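Chemist: Would you mind keeping the following structure in view while I ask a few things?
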């Protein structure tokens, strides 16, 4: 049963990424299994052999051998493994005699599936939000600025003279948050504002794109979007001429 | 020219040339492909991290030794025997002396070579049993993994038979053991650049790549 999977699309993604490291790592693994009991998925599943890191990346070798000629069911098998059986912590690499970076291989597979339109729905939605609004929760600029303003008002009731400076040029620190904070946990912003106020720091938050410091595009290996997110933050830092960028806890 | 003189003449040249040129190409490929596709390796290139990681993993100073001492000691012994016996065996050294190169170097006592060969064969059997019996490895192991172990130790088995005449009672084997020994060794040399045996050279590059990456992030290398 070969449903509409385009082998060319698979090879077009893999070929330019087949660098020296990737190729070497795919070809030199000697299946020694030293990585097995370093994996928390392996240990937590009662030592299920299917959870051995070296086994989880068998797909890459397979895909190259089959020249991308696989079916939808096979892609689903890859999807299950790379999203639910590995979180790319790289602990196995610390124990691999060759230093094979399994996390890098898994990430490559995630990027491949992303390029074919396969990724967890929540992450896909978040990445769309980044592209449209610059933050993962699709908070508009008006909402963001307004949230900062009322956070300032409420926090100032507790700490006299507290300010949350917006777009203050030449400040020492530019503070960035997780987009969930303005959306669901504005109290976190207030707590930080209090710390900055009491510590007497010279700080600011940007009003434009770049204030969200999370990068969920990285998890599905959507490199262009991941890059755009980081660049937004750098752009703001340069515009505001700050010395440091601080990220939320 | 009969098969014997072909195996010990032109084929020997071919085997050595394929091995040397093949491995050099594999190394050159890594260096040149990395230049365009693995830029972080060049951007963060660090001799310090490379030497540190190589020392750690060539010597038993790494975390994996502590985690699996028995297996890793076997792996070290296997590789030491694999390299030392063919290079420093008195019989081989004398062949180099007689050859057109006239090269000569010291050799190990034959008694040592015998024991090292037997040790290597025993460890190979242990490796094969381990792959066949442990459920983890059964899933991971491919037919090629078994084949490579067998192919790698065949020159040692035939070499032992050749020097001790163990199976000379079977006339065919006794008459041709030298040929089998030479052919099996040539086969291994030719396979090295094209199979997982290439880990013998690519180990250094793979290790170095991870050393650079982990070293600059301050992880354990």
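The values are calculated or read from the model by the stated rules, or taken from the named source; none is laboratory data. Given the structure is predicted, the values throughout are model-derived calculations rather than measurements. Cβ coordinates were reconstructed from backbone atoms using ideal geometry, including for glycine residues, and neighbour counts include every protein chain displayed.
Chemist: Among the residues of segment A:3-23, how many are in contact (Cβ under 8 Å) with a residue 40 or more places away in the chain and within 7 Å of chain B (Cβ to nearest Cβ)?
Modeler: 1
Chemist: Turning to a different aspect of this structure: Evaluate segment B:109-117: report whether one residue or more is in a helix (DSSP H, G or I), more than 11 Å from chain A (Cβ to nearest Cβ), surrounded by 14 or more Cβ atoms within 10 Å (Cβ to Cβ) and free of Cβ contacts under 8 Å to residues at least 24 places away in the same chain.
Modeler: yes
Chemist: Criterion first (within 14 Å of chain A (Cβ to nearest Cβ), closer than 18 Å to residue A:33 by Cβ, at pLDDT below 95 and out of contact with any strand residue (DSSP E or B) (no Cβ under 7 Å at 6 or more places or on another chain)) does residue B:137 satisfy it?
Modeler: yes
Chemist: Moving on to the next point. Against the conditions (1) within 14 Å of chain A (Cβ to nearest Cβ); (2) surrounded by 14 or more Cβ atoms within 10 Å (Cβ to Cβ); (3) out of contact with any helix residue (DSSP H, G or I) (no Cβ under 6 Å at 6 or more places or on another chain), where does residue B:142 fall short? Just the number, please.
Modeler: (2)
Chemist: When the residues of segment B:181-202 are filtered to those that are touching a residue at least 40 places away in the same chain (Cβ under 8 Å) and at the interface with chain A (Cβ under 7 Å from one of its Cβ atoms), which remaining residue is nearest to residue B:47 (Cα to Cα)?
Modeler: The qualifying residue nearest to residue B:47 (Cα to Cα) is B:202.
Chemist: Is it the case that residue B:163 is surrounded by 14 or more Cβ atoms within 10 Å (Cβ to Cβ), away from chain A (no Cβ under 14 Å) and modelled with pLDDT under 95?
Modeler: yes
Chemist: If you go through segment B:23-51 one residue at a time, how many are over 17 Å from the mean Cα position of the chain (by Cα), assigned to a helix (DSSP H, G or I) and surrounded by fewer than 15 Cβ atoms within 10 Å (Cβ to Cβ)?
Modeler: Summing the residues that are over 17 Å from the mean Cα position of the chain (by Cα), assigned to a helix (DSSP H, G or I) and surrounded by fewer than 15 Cβ atoms within 10 Å (Cβ to Cβ) in segment B:23-51 gives 13.
Chemist: Restricting attention to segment B:179-192, does a residue exist that is part of a loop (DSSP other than H, G, I, E, B) and crowded, with 21+ Cβ neighbours inside 10 Å?
Modeler: Looking through segment B:179-192, at least one residue is part of a loop (DSSP other than H, G, I, E, B) and crowded, with 21+ Cβ neighbours inside 10 Å.
Chemist: Please go through segment A:61-85 and give me each residue that is surrounded by 17 or more Cβ atoms within 10 Å (Cβ to Cβ) and under 20 Å from residue A:21 (Cα atoms), ordered by number.
Modeler: A:63, A:64, A:82
Rundown of residues vs (1) under 20 Å from the mean Cα position of the chain (by Cα); (2) part of a loop (DSSP other than H, G, I, E, B), yes/no style:
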residue	(1), (2)
A:60	no, no
A:75	no, no
A:79	yes, no
A:100	no, yes
A:104	yes, no
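Chemist: While we're looking at this one, here's another question. Could you look through segment A:32-47, keep only residues that are over 22 Å from the mean Cα position of the chain (by Cα) and surrounded by fewer than 18 Cβ atoms within 10 Å (Cβ to Cβ), and pick out the one that is farthest from the other protein chains (Cβ to nearest Cβ)?
Modeler: Here the answer is A:44.
Chemist: Taking the condition surrounded by 13 or more Cβ atoms within 10 Å (Cβ to Cβ), in a helix (DSSP H, G or I) and away from chain A (no Cβ under 14 Å), does residue B:75 pass?
Modeler: no
Chemist: While we're on this one: Given A:193, A:155, A:171, A:197, which one is surrounded by fewer than 21 Cβ atoms within 10 Å (Cβ to Cβ) and either part of a helix (DSSP H, G or I) or modelled with pLDDT under 95 (or both)?
Modeler: Just a single option satisfies the conditions, and that option is A:197.
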